[in-house]
Structures are given as C-alpha cells and as structure tokens.
Amino acid sequence: MERTHKPKLAVWKFASCDGCQLSLLDCEDELLTLAGEIEIANFREASSATVKGPYDLSLVEGSITTPHDEERIHTVRRASKYLVTIGACATTGGIQALRNFKDVKEFISLVYATPKYIETLHKSTPISDHVFVDFELQGCPINKHQLVEVISAFLHGRKPNTPPYSVCMECKRRGLVCVMVAHGTPCLGPVTHAGCNALCPSYQRGCYGCYGPKETPNTRSLSAHFSQLGASEQHIVHVFRNFNANAEAFRRESEQHEV
C-alpha cells in the first residue's frame, strides 16, 4: 500500500555544539535519497522554513541545561510519534555535564559579570531524564552511517541495527596494534561503543570514549589495568570524565577513584 503522505522529520537543538546536526548534513547523497522518502519539516541548521507538527520522527541533539529547555522538551515529545536522541549531549549530558561534579554557581560567578541574569539548572542532563526516548544514538559526534540506519529503521517500522560491541573490535578489523599492550597507553576502547572506526588508536592514541559505554562495560577491570600501567587515581578520574562523563558506567567508575 502506498503512503498517503511522506513521514515528517524534525530535528531539534538543545545545549550542544551542533556537531551531530552537521553529521546529518554531511550525509550528502544519502540525505538526498532520504529527502525523497520523508518531509524534512523542521531543521533550522539546514533551512529557516518549518512545517507544523505532529512529526513522525524527531531527532534531538543537546542536553537539558536551562528551565526553558526543561519545558520545551516536553512540547517536542508531545508533538513526536517517535523521538530519537543523537549524540553524547542528548544521551548522557555531554561535556557540559562536567558541571555535575561541582557547584555550577561557582563557575557562573567566575565567568559572568552579572551572574543574576544567568538562568541555568544545577546539572546538565540527558533527554531521557525528562521524557520517554524511543532510541539513543551515541557518539561525539554521531556516525552518519549509523544515523541513516536509524532513520531508515524507523521509516520501515523495524529496530535499528547499530553495533553493540566495543572499539576494540574496530581496532582488530583495521589490523591496528593495541596501544595499551604495545605502549602502555590508557585507552577506553574496551568499554566504549564502536562507531568511530578506531580513529584515535589509528594515530597511536588511547580512545577517549566519545561513543559512550558499550553494553555491560567492565570499567572496574579496566581501571585496575590502568593502575598497573602506572596511572594515578586522579588520572583515572580524568580518563572517565570526558565527553560522556555523566554516563552511568563512566560516572560511577570515576567516583570510585576520587581522592
């Protein structure tokens, strides 16, 4: 049966750098194909033209950091049949979630001349802390091929097929020498979702965990190995507090090493 109308796609921005939205624009040929199957109804990064909801699929980038955004995400959820969060900010709170480990009021008083005009929440939180999310696509930024897969899956009523394994698998497929084994470099690859094609290890650098914790990550064992390599407790804290610092597995492990 032919569709009577094209599904409506909306892309929304909250607290973020726009990198994940740019990943969608970077799809180029794939985006042209998608444009023939869907109606891009709201995507301010690409066009100022907007179409009213409801929307069949909403892609949400960014974390919730202000009272206004806390209200707005509920409006987006009500207008969306499916809601997918894209990127580290939307799925875990992003790099700005480093504020969660300190008193944000101290930062405001140091940065802004008139702190009373700044209205912000104490923590930077993922979208799922506020509304129901149908699927989370991790990455900082996201993998454009995974994004196309997610959009295609929702258009065809199936579950997205994204890799559940770690960056280590990508290293093996590329034939890369393990930086931890060969050089003693701390690396989050064993506990991080695949998606970057082992970018940092290909330059003999440890993985920074841009794609967030993989399924059932053994962070405790990895931290013990970091200690054997000579990493201090403070260094281990810094390793886990990066783009996905607020992800439960990374946050919990970093707190175990605070001194």
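So the values come out like this:
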{"read-out": "Members of the stretch 41-51 found to be surrounded by fewer than 19 Cβ atoms within 10 Å (Cβ to Cβ) and touching a helix residue (DSSP H, G or I) at 6+ places or on another chain (Cβ under 9 Å), listed by number", "value": "ARG44, GLU45, ALA46"}
{"read-out": "Top-ranked residue in the stretch 220-249 [being free of Cβ contacts under 8 Å to residues at least 60 places away in the same chain and under 21 Å from GLY87 (Cα atoms); ranked as surrounded by the most Cβ atoms within 10 Å (Cβ to Cβ)]", "value": "PHE240"}
{"read-out": "Filter pass, VAL167 being β-branched (Val, Ile, Thr), in contact (Cβ under 8 Å) with a residue 12 or more places away in the chain and under 19 Å from GLU136 (Cα atoms)", "value": "yes"}
{"read-out": "Every residue from the stretch 153-185 that is among the small types (Gly, Ala, Ser) and out of contact with any helix residue (DSSP H, G or I) (no Cβ under 8 Å at 6 or more places or on another chain)", "value": "ALA153, GLY157, GLY175, ALA182, GLY184"}
{"read-out": "Residues located in the stretch 18-52, provided they are without any contact (Cβ under 8 Å) to a residue 12 or more places away in the chain and either of a type outside the set (Lys, Arg) or in contact with a Leu (Cβ under 6 Å, 6 or more places away or on another chain) (or both)", "value": "GLU28, ASP29, LEU31, LEU32, THR33, ALA35, GLY36, SER47, SER48, ALA49, THR50"}
{"read-out": "Test result for CYS168, farther than 30 Å from LEU32 by Cβ and assigned to a helix (DSSP H, G or I)", "value": "yes"}
{"read-out": "Check on PRO164, at pLDDT below 90 and more than 17 Å from the chain's Cα centre (by Cα)", "value": "no"}
{"read-out": "Test for ALA153: is it in a helix (DSSP H, G or I) and either under 12 Å from the mean Cα position of the chain (by Cα) or surrounded by fewer than 15 Cβ atoms within 10 Å (Cβ to Cβ) (or both)", "value": "no"}
{"read-out": "In the stretch 86-138, the residues that are assigned to a helix (DSSP H, G or I), closer than 22 Å to ILE151 by Cα, touching a Pro at 6+ places or on another chain (Cβ under 7 Å) and not small (Gly, Ala, Ser)", "value": "THR91, THR92"}
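The values are calculated or read from the model by the stated rules, or taken from the named source; none is laboratory data. In this text, all values refer to a predicted model and were calculated from it rather than measured experimentally. Cβ atoms come from the backbone with ideal geometry, glycine included; neighbour counts cover every protein chain shown.
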